[in-house]
Amino acid sequence: MKISDNHTLLVALKSDFEAFRAQRMRPTPFPRELRQSVLTAIASGLAPRLVSKATGLSSTQLAIWQKKARPERTSVEAKAQPRILDVMASPQTAGAPSGLHVSYEVGRLLFDISF
């Protein structure tokens, strides 16, 4: 992108944001079209610092918009079947509980004691 194109784009962004702010009250969210034009400008090679200065947006806000615009990456992993380990209690010893069930499921050791 040429410098004159960059300048033209920054002037257009600045005027769009000024017009929006003049028509709306402060807490009104920016419309999708304005957010998309900012993201397109940054994707085309404009420095986020310049876009921030032209639009009056903070660098944090730009980073949030960029993060939300990225497609979600979902991790698809095959779920392993739970491994169950049954431990039979040794013959009754004095003071040992009568019903003891121990199992290992999804990385956790579970104890079930019943009387």
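The values are calculated or read from the model by the stated rules, or taken from the named source; none is laboratory data. This structure is a prediction, so every number in the text was calculated from the model and none was measured. Please note: Cβ atoms are built from the backbone with ideal geometry, for glycine as well, and neighbour counts cover all protein chains shown.
Whenever a residue of the stretch 1-25 is closer than 17 Å to residue 36 by Cβ, its partners that are polar (S, T, N, Q) and at pLDDT below 85, lying with C-beta atoms within less than 9 angstrom and at least six residues away or across chains, give the pairs 20/28. Among the residues of the stretch 26-36, those that are free of Cβ contacts under 8 Å to residues at least 24 places away in the same chain and of a type in the set (Lys, Arg) comprise 26, 32. Of all the residues in the stretch 37-52, those that are touching a residue at least 24 places away in the same chain (Cβ under 8 Å) and part of a helix (DSSP H, G or I) number 7.
Of everything in the stretch 95-115 that is among the polar types (S, T, N, Q) and loosely packed, with under 11 Cβ neighbours inside 10 Å, the residue that is modelled with the lowest pLDDT is 98.
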